[in-house]
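The values are calculated or read from the model by the stated rules, or taken from the named source; none is laboratory data. Quick caveat, the model's predicted, so the values are computed rather than measured. We place every Cβ from the backbone using ideal geometry, glycine too, and count neighbours over all the protein chains shown. What goes into the accessible areas is simple: the full protein's heavy atoms, side chains included, and nothing from ligands, DNA or RNA. Shrake-Rupley method; radii C 1.70, N 1.55, O 1.52, S 1.80 Å.
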Amino acid sequence: MTKLITVIVLLAGTALMVLSDSKPADAQRDELELHVALPVADGSTQALQFNVRPGQALTETNVEAGSVDGQLHNKAYRIEGRWVSERELMLEIHVATTTTYEDNPGTVKWSPEVEFVRHDLSVAPVRANVVESPRHHAPGGIPKAVLIRYPNKTRT
């Protein structure tokens, strides 16, 4: 009988350890931050950060509903993300880009025409101590993105 009680206690202790170890793993898996460096239509960069949960779609924008190309401001963006696997987030990034300059009738000023340009990026989670968040976009106006996992964060 003592052996049976000892086995039951050991099994219960093992089950509790497994369950308690999975909670930090779940919390760790939920703690992802997407850092994106986007080009701005005037040639500079804007750095953005969003919280991302594995398996959940991402939609972020600073464009008002109903805006059309030509009415976009120079920092306009729309980012849509979908998970294609447990370790890969596909991003469809639209950024405002100056494409041409139009002559304003009766003036000598040229006004920029701003429209969305699409970029597709794939990112996978990387530990925070391995990578740094991007501060500038890549040459040619291509956005950069990194998905950072912070292992020391705890669930609140």
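What residues qualify as long-range amide H neighbours of Thr45, i.e. H under 5 Å apart, gap of 5 or more or another chain, H built at 1.01 Å from N?
Val40
What number comes out for the charge environment of Ala47, summing +1 per Lys or Arg and -1 per Asp or Glu over other residues with Cβ under 14 Å away?
Within the 14 Å Cβ shell, the charges total 0.
Can you pull the one-decimal nm distance between simple spin-label points at Arg87 and Phe50, each 7 Å off the Cα toward Cβ?
In this crude spin-label approximation the distance works out to 2.4 nm.
In the neighborhood of Glu80, defined by Cβ-to-Cβ distances under 11 Å, what is the net charge if each Lys or Arg adds +1 and each Asp or Glu adds -1?
Around Glu80, the charge tally is 0.
Protein chains only, probe 1.4 Å: how do Thr59, Thr97 rank by accessible area, largest first?
Largest to smallest exposure gives the sequence Thr59, Thr97.
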